[in-house]
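Colleague: Mind looking over this structure? Questions follow.
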Amino acid sequence: MIAVKAILILKFIFIGGLLTLPCFIAGLQHFVLNLPKISSSFGPATDGIVVITGGQQRLAAGFRLLQIGAGKSLLVSGVGLGVSKSILADELNLDAPVMTLLDCCVTLEFAASDTRGNALAASQWAAKNKFQSLRLVTSNYHMPRAKRVFTRKMPDKELYFWPVSPADLTLETWWQKPDIIRLLAREYAKYLTEYLRV
């Protein structure tokens, strides 16, 4: 009797998996097709710019936005321990005008270890500086989840979003590359978890 029940349970799990997988794949495809597009116009200037660490392109985009006046100050959230402004300057090969901005207008934040931590750090930074508007910079595949987390954390702030497309992320042929499939599937699963969070 116990063996029969175990077999029935396994059958239900197997059938559930077969039904869930096509839904997940269809949802993943919709997720990828609707990732935010890269914009050439930053829109209205904001009080602050927030860069979530995770690649030089995000940092370069944040510094470029700061340099052209898209925001007054820049927060780099989730910086690794031991990283300093001088190390960032060397890695990004910043020129003298940007170095001046780095010294005066950039804050490095080390405590955040995930997107919710980034949102908390940005909220505290905005409150400390009495900022009412922020522009978030992160990868295009990370932006849907980050947008939801930041909007939940700061419903009273005016938020703008600047997605960055990693150089090795070719969305036109994403299903042909196992590494990209894993990256997008993992991010989609995290997005679903955040979306379903009460």
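Matching residues to (1) within 12 Å of the chain's Cα centre (by Cα); (2) at pLDDT 95 or above:
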position: 95; (1), (2): no, no
position: 111; (1), (2): no, no
position: 116; (1), (2): yes, yes
position: 124; (1), (2): no, yes
position: 128; (1), (2): no, yes
position: 134; (1), (2): no, yes
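Colleague: Across the stretch 154-173, what is the total count of residues that are among the charged types (D, E, K, R) and outside any loop (DSSP other than H, G, I, E, B)?
Modeller: Final tally of qualifying residues: 2.
Colleague: While we're looking at this one, here's another question. Would you tally the residues in the stretch 51-83 being without any contact (Cβ under 8 Å) to a residue 60 or more places away in the chain, over 23 Å from residue 123 (Cβ atoms) and in a helix (DSSP H, G or I)?
Modeller: 4
Colleague: Those residues that are surrounded by 16 or more Cβ atoms within 10 Å (Cβ to Cβ) and either in contact with a strand residue (DSSP E or B) (Cβ under 8 Å, 6 or more places away or on another chain) or in a strand (DSSP E or B) (or both), I need them from the stretch 134-153; list them, please.
Modeller: Within the stretch 134-153, 134, 135, 136, 137, 138, 139, 140, 142, 143, 146, 147, 150 meet the criteria.
Colleague: Out of (1) out of contact with any strand residue (DSSP E or B) (no Cβ under 6 Å at 6 or more places or on another chain); (2) touching a residue at least 24 places away in the same chain (Cβ under 8 Å), the odd one out for residue 103 is which?
Modeller: The one condition residue 103 does not meet is (2).
A quick yes/no check of all residues on (1) within 19 Å of the chain's Cα centre (by Cα); (2) modelled with pLDDT under 90; (3) not aliphatic (A, V, I, L, M):
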{"site": "31", "(1), (2), (3)": "yes, no, yes"}
{"site": "41", "(1), (2), (3)": "no, yes, yes"}
{"site": "48", "(1), (2), (3)": "yes, no, yes"}
{"site": "51", "(1), (2), (3)": "yes, no, no"}
{"site": "54", "(1), (2), (3)": "yes, yes, yes"}
{"site": "64", "(1), (2), (3)": "yes, no, yes"}
{"site": "68", "(1), (2), (3)": "no, no, no"}
{"site": "72", "(1), (2), (3)": "no, no, yes"}
{"site": "76", "(1), (2), (3)": "yes, no, no"}
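Colleague: For the stretch 174-184, state whether one or more residues are in a helix (DSSP H, G or I), surrounded by 14 or more Cβ atoms within 10 Å (Cβ to Cβ) and within 14 Å of the chain's Cα centre (by Cα).
Modeller: Yes: one or more hits.
Colleague: Another question, then. Look at residue 69 and say whether it is exposed (fewer than 15 other Cβ atoms within 10 Å of the Cβ) and of a type outside the set (A, V, I, L, M, F, W, C).
Modeller: yes
Colleague: Going by what's in this entry, would residue 86 be described as hydroxyl-bearing (Ser, Thr, Tyr), more than 21 Å from residue 167 (Cβ to Cβ) and either assigned to a helix (DSSP H, G or I) or touching a Pro at 6+ places or on another chain (Cβ under 9 Å) (or both)?
Modeller: yes
Colleague: How many residues does the stretch 120-129 contain that are surrounded by fewer than 17 Cβ atoms within 10 Å (Cβ to Cβ) and touching a residue at least 40 places away in the same chain (Cβ under 8 Å)?
Modeller: Selection size over the stretch 120-129: 1.
Colleague: Taking the stretch 80-107 only, how many residues are hydrophobic (A, V, I, L, M, F, W, C), surrounded by 12 or more Cβ atoms within 10 Å (Cβ to Cβ) and within 26 Å of residue 40 (Cα to Cα)?
Modeller: The total comes to 10.
The values are calculated or read from the model by the stated rules, or taken from the named source; none is laboratory data. In this text, all values refer to a predicted model and were calculated from it rather than measured experimentally. We place every Cβ from the backbone using ideal geometry, glycine too, and count neighbours over all the protein chains shown.
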